[in-house]
Amino acid sequence: MITLHSTTARMVMNYSTQPIYTFTLTEVVAVSRTQSDLDALKKEHAKIQPLCLDVGNWEVTKNALKGVGPIDLLVNNAGIMDTKEYGTYTEQDLDRTFNINVKAIVNIGQMIASDMKARGKGGAIVNVSSALGFAVVATYGVYCASKGAVDQITRGMAVEYGPYGIRVNSINPTVVRTRMAEKEGLLDKNNEFANNIIGRTPLRRFADPQDVVNPIMFLLSDKAAMITGITVPVDGGLSVNYV
Ligand SMILES: NC(=O)c1ccc[n+]([C@@H]2O[C@H](COP(=O)([O-])OP(=O)(O)OC[C@H]3O[C@@H](n4cnc5c(N)ncnc54)[C@H](OP(=O)(O)O)[C@@H]3O)[C@@H](O)[C@H]2O)c1
């Protein structure tokens, strides 16, 4: 059983549709932009406070989060993936990806961390980045760039907030079996690109959502009390396999 940062912790999450709340918290705020997903979540976990919000909208997010908290644990999970080749990107494409994948993490992260700092009790933040923060794949260029930025934001915040007992880390998964991967066709058994990735992965599979949740919970917990500023590959060994 994992001991969280505080037994009375409150936490805000950008919610993915996967069932990830396997630990006990007094209060959880789940943020997503699709009300029906939040309604489904609320049915499963009555204690959760849903907050329907486009985190890509800086001002709306700032205002909505003013009424929430105090927050002790934060997971920045919301993200989008667009595939395109360099030569075809528009300014709008970049704005869309960076507003959600990058700017939201700064906006929400600094707001929550500043409040943690003011309250003087420390806290923990986990940013969901990607294996594509370390490496690139053709047609995923801007997504990769956004996740590289997430990792630098993690390091920067870890350095600045560390003196206040606030830890900030990233999780960097390979393909995870979620709606995003499904939309990309990566869960299709006949997808050659996906099969190549699995073939190069020492553990010979993609990640399940729980494979990502477990290290997030560890990093949020007091068991990770001396860990901050790191980027954790959750990739079945893919990143160390040269051939
Ligand atoms: N799946 C993978 O293979 C993979 C691999 C590495 C890293 N990741 C990262 O893992 C994180 C979670 O992705 P996932 O695979 O769970 O994707 P997903 O199935 O598409 O879920 C993403 C969630 O974020 C929400 N979201 C997206 N944009 C939002 C916004 N502007 N405001 C509020 N909520 C928003 C989505 O809501 P809507 O459905 O309403 O858009 C959805 O609930 C992302 O940061 C992703 O980049 C995923």
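The values are calculated or read from the model by the stated rules, or taken from the named source; none is laboratory data. All figures in this text were calculated on a predicted structure; none of them were measured in a lab. Glycine gets a Cβ as well: all are built from the backbone with ideal geometry, and neighbour counts include every protein chain shown.
Data overview
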quantity: Qualifying positions in the range 197-215 - of a type in the set (S, T, N, Q) and under 15 Å from Ser239 (Cβ atoms); calculated: Thr201
quantity: Filter result (more than 6 Å from the ligand (Cβ to nearest atom) and either within 14 Å of Ala131 (Cα to Cα) or part of a loop (DSSP other than H, G, I, E, B) (or both)) within the range 170-186; calculated: Ser170, Ile171, Asn172, Thr174, Arg177, Glu184, Gly185, Leu186
quantity: Residues that are aliphatic (A, V, I, L, M), crowded, with 16+ Cβ neighbours inside 10 Å, under 26 Å from Gln152 (Cβ atoms) and out of contact with any Pro (no Cβ under 8 Å at 6 or more places or on another chain), drawn from the range 187-237; calculated: Ile197, Val213, Ile216, Met217, Leu219, Leu220, Ala224, Ile230
quantity: Some residue of the range 170-188 being closer than 25 Å to Lys117 by Cα and of a type in the set (S, T, N, Q); calculated: yes
quantity: Residue under evaluation Val55, criteria (1) part of a loop (DSSP other than H, G, I, E, B); (2) modelled with pLDDT under 90, criterion not met; calculated: (2)
quantity: Members of the range 62-91 found to be within 15 Å of Val31 (Cα to Cα) and of a type in the set (S, T, N, Q), listed by number; calculated: Asn63, Asn76, Asn77
quantity: Hey, Val60 without any contact (Cβ under 8 Å) to a residue 12 or more places away in the chain and among the β-branched types (Val, Ile, Thr) or not; calculated: yes
quantity: Residue within the range 65-83 that is in a helix (DSSP H, G or I), within 16 Å of the ligand (Cβ to nearest atom), over 25 Å from Lys183 (Cα atoms) and not aromatic (Phe, Trp, Tyr) present; calculated: yes
quantity: Search result, residues across the range 187-217 that are away from the ligand (no atom under 13 Å from the Cβ) and either at pLDDT 95 or above or among the β-branched types (Val, Ile, Thr) (or both); calculated: Asp188, Lys189, Asn190, Glu192, Asn195, Asn196, Gly199, Arg200, Pro202, Leu203, Arg204
quantity: Set Asn107, Asn101: member being within 14 Å of Gln152 (Cα to Cα) and part of a helix (DSSP H, G or I); calculated: Asn101
quantity: Subset of the range 138-171 that is under 16 Å from Tyr89 (Cβ atoms) and either modelled with pLDDT under 95 or of a type in the set (S, T, N, Q) (or both) - its residue that is surrounded by the most Cβ atoms within 10 Å (Cβ to Cβ); calculated: Ser146
quantity: Among the residues listed as Ile105, Ile100, the single one being buried (at least 22 other Cβ atoms within 10 Å of the Cβ) and at pLDDT 95 or above; calculated: Ile105
quantity: Qualifying residues in the range 65-97 (those that are under 23 Å from Tyr161 (Cα atoms) and free of Cβ contacts under 8 Å to residues at least 60 places away in the same chain) - the one surrounded by the fewest Cβ atoms within 10 Å (Cβ to Cβ); calculated: Gly67
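Quick grid of which residues meet (1) farther than 25 Å from Asp211 by Cα; (2) within 11 Å of the ligand (Cβ to nearest atom); (3) over 14 Å from the mean Cα position of the chain (by Cα); (4) not β-branched (Val, Ile, Thr):
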{"residue": "Gly87", "(1), (2), (3), (4)": "yes, no, yes, yes"}
{"residue": "Gln92", "(1), (2), (3), (4)": "yes, no, yes, yes"}
{"residue": "Asn127", "(1), (2), (3), (4)": "no, yes, no, yes"}
{"residue": "Tyr140", "(1), (2), (3), (4)": "no, yes, yes, yes"}
{"residue": "Ala145", "(1), (2), (3), (4)": "no, no, yes, yes"}
{"residue": "Tyr161", "(1), (2), (3), (4)": "yes, no, yes, yes"}
